[in-house]
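Enquirer: Below you'll find the structure I mean.
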Amino acid sequence: MAKFKSLYFLIIITYIIALTCNYLLPVRDNLKTLNEQIDPLFKPAGFAYSIWFLIFLLLLIWFFRVRDEPELVEDIGFWLPANFLLNALWIFLFTSGAFFWSLVDMVLILITLIVIYRKIQHTTYRSFLLRFPFSIYLGWISVATIVNLFLTLRVYGIYSILGLSEWFWTLLLLLVVGYFGLYMIVRQQDIAYAFVTLWSYLAILIERGGYPFIPYTCWIMIGILSIFIAWKLVDRLHIGEAGR
């Protein structure tokens, strides 16, 4: 129990640090300015970033729910505090112009989230309420990591890789994002992650609607994901009715 209390306290403290850096520090104002100045093709419209409010709110609710699951908190261990500290550090790295290190930091955020998600998935605590905040968080960071990658490449003047243009890589990674959305629906039974993928496609579609093939790719993937989400919802409804 002592270990649980120490970890729980550390998680709350690091959460507050991340929240403060994301919303309360003056350095946060530079983030919007930089985001407007650097304009890669793989970039969602500004409204998409409002999902951070939902992520922090869901994590706050998760803290109250997980108080009754000390074994889960101990199993997650220091991965979650590390994630929050990396989240806070990213703000300082990106706004100070350390774009390469901000990308490294973002990848580490993604890795810690994958570990946390898998720990929740592969324990007896695999409940919707315990997984849901991290489904949303992981879904957004998966997209944000790609955005961070393209931002970094643009800053360093890299417009092609392996002789292929940024436009090609944008289309390819849009398909990759969709693939992982489908994977999470089919293999992990995770619709929440897929909804974040839809949110990202919509934001990119609105931001890049005038570019060739980008809006078509977004619409196609939105349609495919919507069909799979509907299928999974109907499947769950049938299972629920069968269990009555």
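Enquirer: Fully extended, how many nm does the chain gain between residue 101 and residue 122 (0.36 nm per residue separation, minus their Cα-Cα distance)?
Expert: Length gained, residue 101 through residue 122: 4.4 nm.
Enquirer: Next question. I want to check a number: in the chain, how many lysine pairs have alpha carbons closer than 24 Å, given a sequence separation of 8 or more or different chains?
Expert: 4
Enquirer: State the percentage of accessible surface on the chain attributable to carbon and sulfur atoms; use a 1.4 Å probe and exclude ligands, DNA and RNA.
Expert: Of all accessible area on the chain, carbon and sulfur atoms account for 71 percent.
Enquirer: Still on this structure: At 1.4 Å probe radius, can you tell me the per residue accessible area of region 142-244 in Å²?
Expert: Using a 1.4 Å probe on heavy atoms only, each residue of region 142-244 averages 53 Å².
Enquirer: Sticking with this one: About the Cα centre of the chain, how large is the charge dipole given +1 on each Lys and Arg Cβ and -1 on each Asp and Glu Cβ? Please answer in debye to the nearest 20.
Expert: Result for the chain is approximately 320 debye, rounded to the nearest 20.
Enquirer: If you don't mind, another one. How much mean residue ellipticity at 222 nm does the chain get from its helices, if each DSSP H run of length 4 or more adds -39500 (n - 2.57) and you divide by all residues, to the nearest 500 deg cm²/dmol?
Expert: Mean residue ellipticity at 222 nm (helix-derived): -26500 deg cm²/dmol.
Enquirer: Using a basic spin-label model with each label point 7 Å from the Cα along Cα→Cβ, how many nm lie between residue 64 and residue 115?
Expert: For residue 64 paired with residue 115, the spin-label model returns 2.9 nm.
Enquirer: While we're here: Would you mind getting the accessible area per residue of region 1-117, heavy atoms of the protein chains only, 1.4 Å probe, in Å²?
Expert: 49
Enquirer: Let me ask another. Which helices pass in the chain if a helix is a full DSSP H run, must span at least 18 angstrom along its long axis by Cα, and must have mean Kyte-Doolittle hydropathy not below 0.0?
Expert: TM-like helix candidates: 2-23, 51-66, 79-95, 99-121, 128-155, 166-186, 191-207, 214-242.
Enquirer: For the pair residue 233/residue 172, report the inter-label distance in nm, with labels modelled 7 Å from Cα in the Cβ direction.
Expert: Computed distance between label sites residue 233 and residue 172 equals 3.4 nm.
The values are calculated or read from the model by the stated rules, or taken from the named source; none is laboratory data. These figures come from a predicted structure and were not determined experimentally. All Cβ positions, even for glycine, are placed from backbone atoms using ideal geometry, and neighbour counts span all protein chains on display. These accessible areas exclude ligands, DNA and RNA; they are computed on the full protein's heavy atoms, side chains included. Shrake-Rupley method; radii C 1.70, N 1.55, O 1.52, S 1.80 Å.
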